[in-house]
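J.: Quick one: structure below, then a few questions.
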Amino acid sequence: TNLAAAALRIMAEFRTSSHGQTATITLTRPRALHALSGDMCTGIAQSLLDWRDDPAITRVIIEHDAGTRGFCAGGDVANVRSSAMEDSGAAGRAIFMAEYRLNHLLFTYPKPVITFMDGVTMGGGVGLSLPAAFRIATSNTLFAMPEGAIGLFPDIGAGWYLPHLPGNLGKFLALTGARLDGAECFWAGLATHYLPDDQLEAAKAALRSSGDEPAAILAKFAVDPPEARLAGNADKIARLFAGDTLEAIIADLAADDGKWAAKELRSVTAKCPTSSKVALRLFAEAPHVPDFAAEMRREYAIAANMLVRHDFIEGVRAVLLDKDNTPQWQPASPEEVTDAMLEAIFADLPTGEEWTPLTR
């Protein structure tokens, strides 16, 4: 009975279908902006494993239900917070394990994945998007990594992707939680194609009916996006986010007398100081991470250590539950975040508790 109930719940959160050579995952949890639960991650991964071994399937589309807001607003952090308070984070770690295994499966998937980032694409939605070979942005795309606002850190592989963005753009996104539109995502290289809203369904239909390669199909529908607003601030981002420490970046922003710098200074200083320092350490260590599996292992250990900290519990309360947007961070300033605190957050997990890739 419990298994049947769980299956029905998962079916209500996403559905799968196949047409010719193309399999489709459709997120169907609109009231939560299609945020990923642990069960969704497990179910989606199982479908991907089935299609991986099916010679009739040559490509996979990931989308959300037409007519609903989306694409995917993140992960199920409210339940992770509850776990941190009720079972020392055991259930929360299970959610992260399922999500990171899905991220890794997508990253290593042998068949092309086409993700339609049509709408809110944050946190877990970024984790569904960036591993895909084809990432479709639209005028509805709203991309962000806002984890610093809830006392977590840019995860789902952000420590792998963001450091490779040019001109300190990755640090800017991690420390400010800036929201990018579709044109900005294309300009930054976060999206591979920009499609008009009224061509999305036609593009999906062509992917499902045509035997042509996805790149050739998408090229028929893609258009040049509008000018990316963020491009006008690229020089400022490269200069003002060049510092290796949070204190240095804050000082550089404070020393600039421009309105843009003042706005971004407010964004940076509003975020959890510990989260920001964790993000910067991720960036510093990125050149030494050998592969994406190693990235998932280190991010899972960090997440497991951070989800039971005060800042995560307080951040989710302030932003998502009470919505007063006045989190009381502990420590409250960058200077109070010690090396010992960061060492504890980056500490390896005990043997047998580490992240492992999904196996059949």
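J.: Please go through (1) over 16 Å from the mean Cα position of the chain (by Cα); (2) touching a residue at least 40 places away in the same chain (Cβ under 8 Å) for Asp87 and return the number of the only condition it doesn't satisfy.
T.: (2)
J.: Just wondering, is there one or more residues in the range 70-82 that are of a type in the set (A, V, I, L, M), open to solvent by 10 Å² or more (accessible area, probe 1.4 Å) and closer than 30 Å to Ser210 by Cβ? Even if it seems obvious, please write down each step before you answer.
T.: At the first step, the residues of the range 70-82 found to be of a type in the set (A, V, I, L, M) are 73, 77-78, 80.
Now restrict to residues that are open to solvent by 10 Å² or more (accessible area, probe 1.4 Å): 73, 77-78.
Retained after the next criterion (residues that are closer than 30 Å to Ser210 by Cβ): none.
No, there is no match, as no residue in the range 70-82 is of a type in the set (A, V, I, L, M), open to solvent by 10 Å² or more (accessible area, probe 1.4 Å) and closer than 30 Å to Ser210 by Cβ.
J.: Another question about this same structure. Answer yes if at least one residue in the range 289-298 is closer than 22 Å to Ile250 by Cβ and either free of Cβ contacts under 8 Å to residues at least 40 places away in the same chain or not β-branched (Val, Ile, Thr) (or both), and no otherwise.
T.: Scanning the range 289-298, I find no residue that is closer than 22 Å to Ile250 by Cβ and either free of Cβ contacts under 8 Å to residues at least 40 places away in the same chain or not β-branched (Val, Ile, Thr) (or both), so the answer is no.
J.: Among the helices (runs of 4 or more DSSP H) confined wholly to the range 241-313, which include 3 or more residues that are over 20 Å from Gln328 (Cβ atoms) and more than 19 Å from the chain's Cα centre (by Cα)? Let's see the steps before the verdict.
T.: Numbers: elements: 246-255, 259-270, 273-285, 292-306.
Result: 246-255, 259-270.
J.: So, in the range 66-108, how many residues would count as being of a type outside the set (Asp, Glu), touching a helix residue (DSSP H, G or I) at 6+ places or on another chain (Cβ under 8 Å) and part of a loop (DSSP other than H, G, I, E, B)?
T.: 8
J.: Please tell me if Val60 is assigned to a helix (DSSP H, G or I) and open to solvent by less than 20 Å² (accessible area, probe 1.4 Å).
T.: So Val60 does not fit the description; no.
J.: Another question about this same structure. Consider only pairs whose beta carbons are under 9 Å apart and that are at least six residues apart or on different chains; among these, list those whose first residue lies in the range 245-259 and is acidic (Asp, Glu) and whose second residue is surrounded by 16 or more Cβ atoms within 10 Å (Cβ to Cβ).
T.: Within 9 Å, the pairs are Glu247/Pro334; Asp252/Leu240; Asp252/Phe241; Asp252/Gly243; Asp252/Ala261; Asp256/Lys236; Asp256/Leu240; Asp256/Leu265.
J.: While we're on this one: Every residue in the range 188-213 that is under 24 Å from the mean Cα position of the chain (by Cα), charged (D, E, K, R) and loosely packed, with under 15 Cβ neighbours inside 10 Å, please.
T.: Passing the criteria: only Asp197.
J.: Within the range 21-49, how many residues turn out to be more than 18 Å from Phe107 (Cβ to Cβ) and either assigned to a loop (DSSP other than H, G, I, E, B) or open to solvent by 10 Å² or more (accessible area, probe 1.4 Å) (or both)?
T.: 13
J.: Moving to a separate point now. State all residues of the range 126-143 that are farther than 26 Å from Asp324 by Cα and open to solvent by 10 Å² or more (accessible area, probe 1.4 Å); if no residue qualifies, say none.
T.: Of everything in the range 126-143, those that are farther than 26 Å from Asp324 by Cα and open to solvent by 10 Å² or more (accessible area, probe 1.4 Å) turn out to be Leu130, Pro131, Ala133, Phe134, Arg135, Ser139, Asn140.
J.: Follow-up question, since we're still on this one. Could you check the range 144-164 and list, in sequence order, the residues that are farther than 22 Å from Ala318 by Cβ, over 9 Å from the mean Cα position of the chain (by Cα) and open to solvent by less than 30 Å² (accessible area, probe 1.4 Å)?
T.: Selection gives Gly159, Leu162.
The values are calculated or read from the model by the stated rules, or taken from the named source; none is laboratory data. Everything numeric in this text was worked out from a predicted model, so none of it was measured. Methodologically, a virtual Cβ is constructed for each residue, glycine included, from the backbone with ideal geometry; neighbour enumeration extends over all protein chains shown. Heavy atoms of the whole protein, side chains included, go into the accessibility calculation; ligands, DNA and RNA do not. Shrake-Rupley method; radii C 1.70, N 1.55, O 1.52, S 1.80 Å.
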